[in-house]
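Shown next, in structure tokens, is the structure this report addresses.
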Amino acid sequence: METIEVVASSVEEAIERAAVQLGVEASAVKSEVIDQTKGLFGKPGKVTVKAWAEKVEAPKPKAPPKVVETAPVEEAVVVEEVSEEKPKRRTRVKKEEAEEAPKAEVEASGDAPEEKGEQADVVASEEDAEKLLGVLRSLLAAGDMSAEATISRLNGRYVHIDIDGKDVGFLIGRRGEVLNSIQYLMNVISARHLNNGVRVVVEGDNYRERRAEALSEMAQRIAAQVVERGEEAVLDALPAFERRVIHQALVDFEGISTYSEGEEPDRCVVIAPAG
């Protein structure tokens, strides 16, 4: 019986690789995990598997699949996270339930709570930016991430930091969840250690810009459907800065109004017929 060792990011992947090397189906591979390590920031770890093949009967030939003609599908949106299920639709709510204005949304995702006594006119300095950049670089190094952080610009009290590199996809995560978490952590650190009202915006591979463009286009399409059908559309739950993108994208759209409802983290935008 031939036995081999395979290193992969998961047991399933290791079994697939072993099947190729042994020249058998994956279902015929027997395995034993020898070693396993975990990765950070969503980066997969490594697993070492001892594998061998078990004799199985040759599978019966399968009948060729039937060919089914399908209608052509539309090209997917560049930012795939926006391509989600269709928004829920419902009859209109009472006017008093829709009084919330877009201005109630916060300025950016991941902001730490404001400190008491914080000055309104805060301007981030180069020194502030360098301290925050050093903290983020230390976090990336501690996570063994192949990524580099650089300061892109200072805008009032905001320090904008860009992350780029091989592992930037892991640092963005699904729908930017990891990126938002890193930004929140950086703002907590800024509030506790700088204590001067400076805030951080963390960007990765222009994700936030591309996401905002895709959300704006989606909002325009759904708003047109709301006008046509005369029914509200309830979008999926979104973080605060993405809800604000939806509100701003539809400010001048005739025949509709927007408001937010629900509690965090399940707060969502409702696009409703005006009037």
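How many residues does region 236-259 hold that are among the polar types (S, T, N, Q), assigned to a strand (DSSP E or B) and either assigned by TED's automatic domain parsing to the domain that holds residue 201 or more than 9 Å from residue 269 (Cβ to Cβ) (or both)?
Within region 236-259, the first condition is being among the polar types (S, T, N, Q), and the residues that meet it are 248, 257-258.
Checking the rest, the ones that are also assigned to a strand (DSSP E or B) come to 257-258.
Then keep just the ones that are either assigned by TED's automatic domain parsing to the domain that holds residue 201 or more than 9 Å from residue 269 (Cβ to Cβ) (or both); that gives 257.
The total comes to 1.
Within region 171-202, the set of residues being farther than 27 Å from residue 271 by Cβ and charged (D, E, K, R) comprises 192, 199. Quick check: is even one residue across region 155-162 crowded, with 17+ Cβ neighbours inside 10 Å, closer than 24 Å to residue 126 by Cα and among the hydrophobic types (A, V, I, L, M, F, W, C)? Taking every residue of region 155-162 in turn, at least one turns out to be crowded, with 17+ Cβ neighbours inside 10 Å, closer than 24 Å to residue 126 by Cα and among the hydrophobic types (A, V, I, L, M, F, W, C). Annotation note: of 228, 209, the sole residue that is under 22 Å from the mean Cα position of the chain (by Cα) and either of a type in the set (D, E, K, R) or in a helix (DSSP H, G or I) (or both) is 209.
So for region 220-235 (the condition being at pLDDT below 95 and either in the same structural domain as residue 136 (by TED's automatic domain parsing) or within 25 Å of residue 187 (Cα to Cα) (or both)), does at least one residue qualify? Scanning region 220-235, I find no residue that is at pLDDT below 95 and either in the same structural domain as residue 136 (by TED's automatic domain parsing) or within 25 Å of residue 187 (Cα to Cα) (or both), so the answer is no.
Which of the following residues is surrounded by 15 or more Cβ atoms within 10 Å (Cβ to Cβ) and touching a strand residue (DSSP E or B) at 6+ places or on another chain (Cβ under 8 Å): 219, 249? It is 219.
Given the criterion outside any helix (DSSP H, G or I), within 30 Å of residue 45 (Cβ to Cβ) and either at pLDDT below 95 or touching a Leu at 6+ places or on another chain (Cβ under 8 Å) (or both), identify the matching residue among 121, 144. Outline the logic, then answer.
On the way: 121 fails: within 30 Å of residue 45 (Cβ to Cβ).
None of the other options fit; the residue is 144.
Taken together, the residues in region 242-275 that are touching a Lys or Arg at 6+ places or on another chain (Cβ under 8 Å) and not aliphatic (A, V, I, L, M) amount to 7.
It is to be established whether one or more residues within region 153-172 are touching a residue at least 60 places away in the same chain (Cβ under 8 Å), outside the structural domain of residue 250 (by TED's automatic domain parsing) and closer than 30 Å to residue 253 by Cα. Can you show your working first?
Pass one, region 153-172, residues touching a residue at least 60 places away in the same chain (Cβ under 8 Å): 167, 170-171.
Among the residues that remain, those that are also outside the structural domain of residue 250 (by TED's automatic domain parsing) are: 167, 170-171.
Okay, now just the ones that are also closer than 30 Å to residue 253 by Cα, so none.
No, that holds for no residue.
If you scan region 120-147, which residues turn out to be surrounded by 14 or more Cβ atoms within 10 Å (Cβ to Cβ) and farther than 19 Å from residue 194 by Cα? The answer is 140, 143, 145, 147. Within region 230-264, the set of residues being without any contact (Cβ under 8 Å) to a residue 40 or more places away in the chain and closer than 26 Å to residue 178 by Cβ comprises 237, 238, 245, 246, 249, 262, 263, 264.
The values are calculated or read from the model by the stated rules, or taken from the named source; none is laboratory data. Note that the coordinates shown come from a computational prediction; the quantities given were computed from them, not determined experimentally. A quick note on method: Cβ atoms are made from the backbone with ideal geometry, for glycine too, and the neighbour counts reach across all protein chains shown.
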